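Just so it is clear, none of the values below were taken in a lab; they were calculated from the coordinates. Just so we're clear, the structure is a prediction, and the values are computed from it rather than from any experiment. Cβ: placed from backbone, ideal geometry, glycine included. Neighbour counts: every protein chain shown.
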Amino acid sequence: MSMRCLVIVLLSFPQAFHVLAQSTAESCPAPRLDGGFFVPEQGTYSHGSALAYACNPGWKPAVEGWWATTVCLNGSWSHMPQCIGESSCLPPDVPNAKYTESPPGWYQEGRLIRVKCDQGYQHATWEATATCANGTWSSLPVCQRSKTSCDEPPRMFHAVIVLHKYQQVFEADSEVHFDCEEGYRVQGDDTRKSIFCVAGGWTLAPNCTRTQTVGHDGDMSGSVTKPAGDTIPERGKGRGSPAGGSRITDTGSATTSGRGSGTPQTVPVDNCGVVPRLPNGEVVRKRAMSLKYACNSFYKRVGPEMVVCYQDGTWSKVPTCKEAFCEVDLDQYANYNIRESGTIILKERESRDVACLWRSYTSRIVCTQGRVSVSKCCHYWDHYTQSCN
């Protein structure tokens, strides 16, 4: 048959092309199965064939279910059929954790595995191991999210997070680096390009701002980086500035200070040099004439929110960040019949119920002005009616 005739046949009968392609795929030899049987039993199986199998009494497939199916895929089976003893265990499902893997893919009776929680998670109880007993796992450990872990970092404009792969949960004290978009840089003297997970929240990151060159009069000649959206007024040319002098506000407009008024005159913040550091806080906004500070999660600002630069090169008063949380070690309250263990973090005026030894009974923990109060174990209804003390 000529090639032309073959093409005509294939075009006339599309199913013939499918049969021809299927015939080029390799078939699978019948697999060996100790302690079980196949349906249907054949010597070989064509590509795409499904082979069901089950195990004899006292045995079970090494996959979920009392029967299983494998498929021939171009000379190989999707999984090799295998029967194991009924007292053996299949790999357990432990979310947010890793555990000791078994090379055969299953575990003999009596085998013990150790569970390690993923980053950002912790054991809900003291249980960290499980044992295969009569075909099931005894007391599988549970990994719950840690109270001090963080969600994914907040969105940062004109910046990207530098990570090998995306993740949703970060453990406490994690450091994440970022890079600014081309044409942008971290403003001010703070060139740190990283944020940290602290007590369940991310520290504030420096802003990535567009770099622009702007001119200045007098001794401010040269170029500086101008934060996008801010206006740097020229000296002596503030809007509405009187002949007697002016004090520039945060918005860039000038307000009358008057000579001899005793009010220090403010100048652009770049005149004061290094930006003051704030422990447990960050500069959240830098403008031409002011800095705005904010405290990290679980801290409260004490003092002014805005900081300015005076004409003599000194900074105005910088705020402080005071602790506004309670760190509770549950192990210290074992005599309260609390079942849970470990450490929890509560924000100021936050309360949390923890499980007690008896079902439906909890103890309420409250954080007030840095002090911890723990109630006795009460039924949840007593907490609801506020009759527990």
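Points worth noting:
- Where a label projected 7 Å from the Cα of ARG114 along Cα→Cβ would reach, residues of region 129-159 with amide N under 19 Å: 129-132, 138-144
- Rounded to the nearest Hz, the phi-derived 3J(HN,Hα) couplings of region 307-320 under the Karplus curve 6.51 cos²θ - 1.76 cosθ + 1.60 (θ = phi - 60°) are 10, 10, 10, 8, 4, 7, x, 9, 8, 6, 4, 9, x, 10, where x marks glycine and proline.
- Hits among lysines - C-alpha to C-alpha of LYS286 under 17 Å, sequence gap 8 or more where chains match: LYS193, LYS226, LYS317
- Note on SER138 and ILE161: the extension gain reaches 4.2 nm, defined as 0.36 nm multiplied by sequence separation minus the Cα-Cα distance.
- Once the C-beta distance of VAL63 and THR211 is scaled by a Förster radius of 56 Å, the resulting FRET efficiency is 0.40 to the nearest 0.05.
- Once the C-beta distance of MET80 and GLU340 is scaled by a Förster radius of 51 Å, the resulting FRET efficiency is 0.70 to the nearest 0.05.
- Summed side-chain charge close to CYS321 - residues other than CYS321 whose Cβ falls under 15 Å, Lys, Arg +1, Asp, Glu -1: +3
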